[in-house]
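Structure, as structure tokens:
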Amino acid sequence: YQGYPGGGAYPPPGGAYPPPGGAYPPPGGAYPPPGGAYPPPGGAYPPPGGAYPPPGGAYPPPGGAYPPQQGSQDNKSGSQASYPPQGYPPQGYPPQGYPPQGYPPQQGYPPQQGYPPQQGYPPQQGYPPQQGYPPQQGYPPQQGYPPQQAECDAAVKRLRDAMKGIGTNEKELISVLSTYPPLQMNQIIKGYKSNYGKSLYDDVKSETSGNFGKLCCALCMPIAEFDVKCLHDAIAGLGTDDDCLIEILVGRTNSDIKYLREEYKRKYCREIEDDVKGDTSGYVRRLYTVLLQGNRDETNNARDAVADAETLYRAGEGKIGTDEMTIISLLCNRPDAHLRQVFDIYQQKHGHTIEKAISKEFSGDIKKALTNLVSSIRNKAEYIATLFEKSMKGMGTDDDKLIRLTVRHRAPYVMNPIKEAYQTKYGKSLAKRIKGDTSGDYCKLLLACIHEDK
């Protein structure tokens, strides 16, 4: 999904921070300013001549009080001309050039475009924002969305009734938790807390167990919070779950990446970039570092796909050795639609796929990571279908992976292309594969989440 928080990207394009031109420290009339510097030469402070305290009409004025009273002995004319004294403020103060030109910077500050993002930021009600994730584009509101308050309240009550008293009504839990995509579920989670003063996640966790309980609990988390938990789990302990990192980080908007970083720090009091760096090395570390910068080109400017295809060739097959960072930077910072054109041109010109070129030029973990990156960009639905198969292939089932894939992609408009890709690639339905590898309420909830419960 994309779009947390929604609206304009951060950092803003154009009037970037730090601002160009009238930057801080400002060029030219810099601080401290040249020429008319501070303290200023010549007409310095304290100033000579008309110094402070000034002679003559000094302050405090000699003799009479301040302000001199009309008709007083020291102000027989009745005027108050002695204050302020002549010569004050002194010539040369404030010094020329202070404050320096360009401070505060005039151009680009505050940035005019995209800062602060106008839509959805700052969030108006609650944080993380409930609207804007997944994105407004690509997540078309369905009929009945957002759910009416009565519908939300009814779902909340059904969940509460399914868990109160002795025992748990698993069938009712399955019915409610599998019905609502992430955005609607966020409202239900909030409504449960408002109505009963308790966390839906905590109540569900106390009433369920096993893989069924894990799946139920995952469905009771806001999707952004679930993404952050998955990222943390992917780099915790021994090894790194590259499939998870690629799945969550590739294809995200820059604002998504920024929000993930903020949520990770809020939840774990650590920078995700530091944790990833501590768990990886070499060019794999550099790949994830670039993805986590959130600097993907999101403009609509036309790009030269032929030139980028040639850049990839010259950085890899077209030279002795490999320019790894050129390849990584191009694959991580170009828009997905543009890169698909680049891949097609590369294949037409050189007679084989970019994946084959990567296989020839790289080895080990970076080869796997780049191959997954290209596969995800080329066809996201097919890539996720491959991960579903991988979670159930061989002896046993990788239930953590299966749960993650099901929860993150359960919205109908996301899941339907994945099911079609799975059917095409493996010649059988995803539902049939799940039935063969799982059982009980766990199986029923998985099937309900992929909309194959009938």
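Some points to look at:
So that you can scan it fast, the table gives a plain yes or no per residue for (1) within 18 Å of D243 (Cα to Cα); (2) acidic (D, E); (3) not assigned by the TED database to the domain that holds D233:
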{"residue": "D365", "(1), (2), (3)": "yes, yes, yes"}
{"residue": "L387", "(1), (2), (3)": "yes, no, yes"}
{"residue": "D400", "(1), (2), (3)": "yes, yes, yes"}
{"residue": "A411", "(1), (2), (3)": "no, no, yes"}
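- In the range 283-317, the residues that are polar (S, T, N, Q) and farther than 17 Å from Q348 by Cα: T289, Q293, N295, T299, N300, N301
- The set of residues in the range 330-349 that are open to solvent by 50 Å² or more (accessible area, probe 1.4 Å) and assigned to a helix (DSSP H, G or I) comprises A337, R340, Q341, D344, Q347, Q348, K349.
- Of the helices (runs of 4 or more DSSP H) contained entirely in the range 210-286, those carrying at least 3 residues that are out of contact with any Cys (no Cβ under 6 Å at 6 or more places or on another chain) and either free of Cβ contacts under 8 Å to residues at least 12 places away in the same chain or open to solvent by 10 Å² or more (accessible area, probe 1.4 Å) (or both) fall at 210-219, 223-235, 254-268, 272-279.
- Of the candidates N379, N372, the single residue that is open to solvent by 40 Å² or more (accessible area, probe 1.4 Å), closer than 28 Å to G239 by Cβ and touching a residue at least 12 places away in the same chain (Cβ under 8 Å) is N379.
- Matching option when the condition is in a helix (DSSP H, G or I), in contact with a Phe, Trp or Tyr (Cβ under 9 Å, 6 or more places away or on another chain) and surrounded by fewer than 20 Cβ atoms within 10 Å (Cβ to Cβ), among R433, R404: R433
- Count - residues of the range 166-186 that are touching a residue at least 24 places away in the same chain (Cβ under 8 Å) and open to solvent by less than 60 Å² (accessible area, probe 1.4 Å): 13
The values are calculated or read from the model by the stated rules, or taken from the named source; none is laboratory data. All values derive from a computational prediction rather than experimental measurement. Every residue, glycine among them, receives a Cβ derived from its backbone with ideal geometry; neighbour counts consider all protein chains shown. Keep in mind that these areas ignore ligands, DNA and RNA; they rest on the heavy atoms of the full protein, side chains included. Shrake-Rupley method; radii C 1.70, N 1.55, O 1.52, S 1.80 Å.
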